[in-house]
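Engineer: I have a structure I would like to understand better, so I am pasting it below and will then ask my questions one at a time.
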Amino acid sequence: MNVEHKRDQSPSGLHVVIVGAGIGGLACAIACRRAGPPLSVTVVERAPEILTIGAGIHIPPNACRVVASLGLLDKLKQAGGYQVQGFTLRRYKNGNILVEKPMGPRMKTEYGAEWLAIHRGDYQGVLLEAAREAGADILTNAEVIGIAKGIGEFSGKQMVVLKDGKSLMADVVVGADGLWSGVREFVLGRPFPPVETGDLAYRGTFTREQLKSFKNERIDELMEAENVQVWLGPGRHAVFYPLRNKTEYNLVLLVADDLPEGVRTSQGSLDEMAANFEGWDPILNTIISCLKSALKWKLLHFNELDQWTKGAITLLGDASHPTLPYQGQGAAMAVEDGAILAVLLSRLQNRGLSDALGERNTQLSDLLRLFQDLRKRRTEVNVAGAVDTRHYYHLPDGEEQVRRDKELASLPESAWQGPCSFNWGDADYQQSLLGFDVLADAERSFDEWSRRKSREANI
Ligand SMILES: Cc1cc2nc3c(=O)[nH]c(=O)nc-3n(C[C@H](O)[C@H](O)[C@H](O)COP(=O)(O)OP(=O)(O)OC[C@H]3O[C@@H](n4cnc5c(N)ncnc54)[C@H](O)[C@@H]3O)c2cc1C
Ligand SMILES: *[C@@H]1O[C@H](CO)[C@@H](O)[C@H](O)[C@H]1NC(C)=O
């Protein structure tokens, strides 16, 4: 067993082991490697190969600001990431527009960064390549089965144990291992499975040719718009947008969860899937007919996880704050987490780590608590915001729905600058979600933390 150090690394520098090469883990790896000087990073991924699969995903301004700071914006655009021009909410029965939120260049003006949509596989592919180029070691076929305290010459370090019997020594372990995180169990000392949200998703992509073959003017129009289209109806909604330069299209159907508890996914039938949207906009039903498989995904989350860190071990992304995807913020929050963690660790390394391992561990666990404090409130607001979105998106026809639709229709009059009872239309809420500069905040918070530590040391 040996802790290897990269040549650009001082031997006393931090070695970070990241469990999971998802979007959050990779973003963290890149940010750690881009720090000056870089941290030593090993990513361990249990999959035999990092498959860049999936459907569409959003990169909202808060995440876009972070990926831009990592120098990845052009690469993401070359990989098919495009600026979403509008967010169109539609009435389920007929597809009539309830309101269209202008996005495009307005995102940069309002929030300081663009709103992109991209194929999830392409996103992960860009991150993977960037992480490798930046010098992160990425091990595949490497499933973590436990974390133990190092002993002997490694005392004070964390020992990350892999299924094949090998182990790695780390100063810091980051559990970026997703919804069913094993590191989370280790941090909490007990299983803590995510809970049902009440909804499940069907999702898939299909080709331009499939849609073109309908020879329908309204479908053609939807295909050309660089908009996210959302049909809102009682207890369910549907989301449609283009991908890969409009050669592919993404469709997600969100409906009531009827899977037994404990069943995560299940192959449903196409008829059953379509039946959810009987009586809805016939155009939507035509688009739904393009889906050739009906895999049901149970959507899970937590209201709150009391603890994210234990000593020099911490969690990020879906491992610590899984959410309903209704604000397009799951991966975005994971990317924020990863970049902020890198800022904090690198600042600590530069401030000076103690040579005494015990003291060094105290420094690290203190710093990880700062990370938790910075992230917990923001991600909890996000999880709750997605639950609110579910409520407003899924209103049954009736008084509250009529009020919602009226309020939505009035939003353009205020130029999107006013309050709204639905967070999607509320200027302050959107500003704090999309416009808040989390990296600058992390720098400030580190400065404060560091001053406090210096004062404490002098008492
Ligand atoms: C229908 C749907 C739509 C969504 N749309 C959006 C969207 O538009 N925008 C958005 O921002 N988010 C969206 N999300 C959420 C987003 O997919 C997740 O929040 C995000 O991918 C979480 O990233 P992560 O890196 O935390 O975890 P994951 O992507 O789950 O990665 C975890 C990784 O850890 C690995 N791993 C697990 N256990 C181990 C182990 N023991 N040892 C080694 N490796 C391990 C896994 O193999 C995996 O590669 C959506 C989610 C759903 C379900
Ligand atoms: C996108 O598609 C259009 C129309 O087919 C084409 O002209 C353009 O070159 C494509 N752009 C990229 C980046 O592939």
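The values are calculated or read from the model by the stated rules, or taken from the named source; none is laboratory data. Treat the numbers as computed from the prediction; the structure is a model and nothing was measured. Glycine gets a Cβ as well: all are built from the backbone with ideal geometry, and neighbour counts include every protein chain shown. Accessible surface is based on the protein model in full, side chains and every heavy atom, while ligands, DNA and RNA are left aside. Shrake-Rupley method; radii C 1.70, N 1.55, O 1.52, S 1.80 Å.
Engineer: For the chain, which whole-number percentage of the solvent-accessible area (1.4 Å probe, protein heavy atoms only) is attributable to carbon and sulfur atoms?
Structural biologist: 50 percent
Engineer: Find the percent of Cα-Cα distances in the stretch 366-440 that exceed 16 Å, and round it to a whole number. Mind dumping the intermediate values first?
Structural biologist: Details: 1638 of 2775 pairs.
Counting pairs separated by more than 16 Å, the tail of P(r) holds 59 percent.
Engineer: Mind checking the angle between helix 438-458 and the chain's longest principal axis? C-alpha axes, 0 to 90 degrees, to the nearest 10.
Structural biologist: It is inclined by approximately 30 degrees.
Engineer: Oh, and also: Lys and Arg at +1, Asp and Glu at -1: add these up for the other residues within a Cβ distance under 11 Å of K75 and post the number.
Structural biologist: Cβ neighbours under 11 Å give a net charge of -3.
Engineer: Go ahead and collect, in residue order, the members of the stretch 193-228 whose backbone nitrogen is under 17 Å from a label point 7 Å along the Cα-Cβ direction of Q267.
Structural biologist: Once the point is set 7 Å along Cα→Cβ of Q267, 202-204 turn out to lie under 17 Å by backbone N, inside the stretch 193-228.
Engineer: Counting Lys +1, Arg +1, Asp -1, Glu -1, what net charge surrounds A274 among other residues with beta carbon under 14 Å of its beta carbon?
Structural biologist: Numbers: positive: R236, K292, K296; negative: D271, E272, E278, D281.
Local charge sum for A274: -1.
Engineer: In whole Hz, what ³J(HN,Hα) sequence does the stretch 196-210 give by Karplus (6.51, -1.76, 1.60; θ = phi - 60°), x for Gly and Pro?
Structural biologist: Ordered by residue, 3J(HN,Hα) equals 5, 9, x, 10, 10, 10, 9, 8, x, 10, 8, 8, 4, 4, 4 Hz.
Engineer: Here is a further query. Can you give the longest run of the chain that contains no trypsin sites (Lys or Arg not before Pro) sitting in a DSSP loop with at most 11 other Cβ atoms inside 10 Å?
Structural biologist: Counting at most 11 other Cβ atoms within 10 Å as exposed, the longest clean stretch of the chain is 8-214.
Engineer: Along the principal axes of its C-alpha atoms, what lengths does the stretch 3-124 span, in descending order and rounded to whole Å?
Structural biologist: 63, 35, 21
Engineer: Per 10 Å bin, what is the whole-percent P(r) computed from every C-alpha pair distance within the stretch 400-459?
Structural biologist: Reading upward from the zero bin: 19, 29, 18, 16, 12, 6, 0.
Engineer: What FRET efficiency comes out for E133 versus L188 if R0 is 30 angstrom and r is the Cβ-Cβ distance? Round to the nearest 0.05.
Structural biologist: 0.30
Engineer: What fraction of the DSSP beta bridges in the chain is antiparallel, stated in percent and rounded to the nearest 5?
Structural biologist: Around 70 percent antiparallel, to the nearest 5.
Engineer: Step through the table entries K310/K376; K101/K246; K157/K310; K108/K376; K77/K246, compare each Cα-Cα distance with 19 Å, and write down the pairs that go over it.
Structural biologist: In this structure, K101/K246; K108/K376 exceed 19 Å between Cα atoms.
Engineer: Take the stretch 79-191, compute every pairwise Cα distance, and split them into 10 Å bins from 0; I just need the percent in each bin.
Structural biologist: Using 10 Å bins, I get a P(r) of 11, 23, 24, 18, 16, 6, 1 for the stretch 79-191.
Engineer: Let me ask something else. Please provide three numbers in whole Å: the alpha-carbon extents of the stretch 222-285 along the principal axes, with the largest listed first.
Structural biologist: 39, 26, 18
Engineer: Can you give me the long-range amide H partners of V41? Hydrogens built in the peptide plane at 1.01 Å from N, cutoff under 5 Å, separation of 5 or more residues or another chain.
Structural biologist: V16, D137
Engineer: Follow-up question, since we're still on this one. What does the net charge come to around A312 if you take all other residues with beta carbon closer than 14 Å to its beta carbon, with K and R at +1 and D and E at -1?
Structural biologist: +2
Engineer: If you don't mind, another one. Counting only residues 5 or more places away or on other chains, whose amide H sits under 5 Å from the amide H of I59 once H atoms are built in the peptide plane?
Structural biologist: L116, A117, I118
Engineer: Another question about this same structure. Report, to the nearest 10°, how far helix 330-351 tilts away from the longest principal axis of the Cα atoms in the chain, using its own Cα long axis and a range of 0 to 90°.
Structural biologist: 20 degrees
Engineer: Can you list which of the GluC sites (Glu not before Pro) found in the stretch 248-283 are DSSP loop residues with at most 15 other C-beta atoms within 10 Å?
Structural biologist: Details: sites: E248, E261, E272, E278; in loops: E261, E278.
Answer in residue order: E261, E278.
Engineer: Hey, could you get me the Stokes-Einstein D for the chain, Kirkwood radius over alpha-carbon pairs, 37 °C and 0.692 mPa s, rounded to whole µm² s⁻¹?
Structural biologist: On the way: Rh = 23.1 Å.
It diffuses with D of about 142 µm²/s by this estimate.
Engineer: Which value, in debye to the nearest 20, describes the size of the charge dipole of the stretch 195-326 about its Cα centre when Lys and Arg Cβ atoms bear +1, Asp and Glu Cβ atoms bear -1, and nothing else is charged?
Structural biologist: Dipole magnitude for the stretch 195-326 comes out near 440 debye.
Engineer: Something else now. Each residue of the stretch 110-125 in turn: what ³J(HN,Hα) in whole Hz from Karplus with 6.51, -1.76, 1.60 and θ = phi - 60°, glycine and Pro shown as x?
Structural biologist: 6, 10, x, 7, 7, 10, 10, 10, 7, 6, 4, x, 5, 4, 4, x
Engineer: Could you grab the Rg to Rh ratio for the stretch 279-384? Cα atoms only, Kirkwood for Rh.
Structural biologist: With Rg and the Kirkwood Rh in hand, the quotient comes to 1.21.
Engineer: Scaled to the compact-protein estimate 2.2 N^0.38 Å, what is the alpha-carbon radius of gyration of the stretch 303-459, rounded to two decimal places? Don't jump to the answer; show the numbers that get you there.
Structural biologist: On the way: Rg = 19.8 Å, N = 157, 2.2 N^0.38 = 15.0 Å.
So the stretch 303-459 has a normalised radius of gyration of 1.32.
Engineer: To continue, here is another question. Compute the accessible area per residue over the stretch 87-129, keeping the other protein chains in place, probe 1.4 Å, unit Å².
Structural biologist: 36 Å²
Engineer: Whole number please: convex hull volume per residue of the Cα set in the stretch 33-91, in Å³?
Structural biologist: Details: hull volume 8.7 nm³, N = 59.
Value for the stretch 33-91: 148 Å³ per residue.
Engineer: So for the stretch 296-343, Kirkwood radius off the Cα pairs, Stokes-Einstein at 10 °C and 1.306 mPa s: how many µm² s⁻¹?
Structural biologist: 135 µm²/s
Engineer: Residue by residue, what Karplus-based ³J(HN,Hα) values in Hz, rounded to whole numbers, does the stretch 394-404 have, using 6.51, -1.76 and 1.60 with θ = phi - 60° and x for Gly and Pro?
Structural biologist: 9, 4, x, 4, x, 4, 5, 5, 5, 4, 4
Engineer: For a bin width of 10 Å, list the pair-distance distribution of the stretch 139-210 built from all Cα-Cα distances, rounded to whole %.
Structural biologist: Histogramming the stretch 139-210 at 10 Å steps yields 16, 35, 23, 15, 9, 2, 0 percent.
Engineer: How long are the semi-axes of the equivalent ellipsoid of the stretch 171-284, defined as square roots of 5 times the Cα gyration tensor eigenvalues? Whole Å, largest first.
Structural biologist: Details: eigenvalues 246, 76, 26 Å².
Equivalent-ellipsoid dimensions as semi-axes: 35, 19, 11 Å.
Engineer: Name the long-range amide H neighbours of K149: under 5 Å, sequence gap of 5 or more, or other chain; modelled H, no Pro or chain starts.
Structural biologist: M159
Engineer: Another question, if that's okay. Grab the DSSP H runs of the chain that are 4 residues or longer, score each as -39,500 (n - 2.57), total them, divide by all residues and round the 222 nm result to the nearest 500 deg cm²/dmol.
Structural biologist: -12000 deg cm²/dmol
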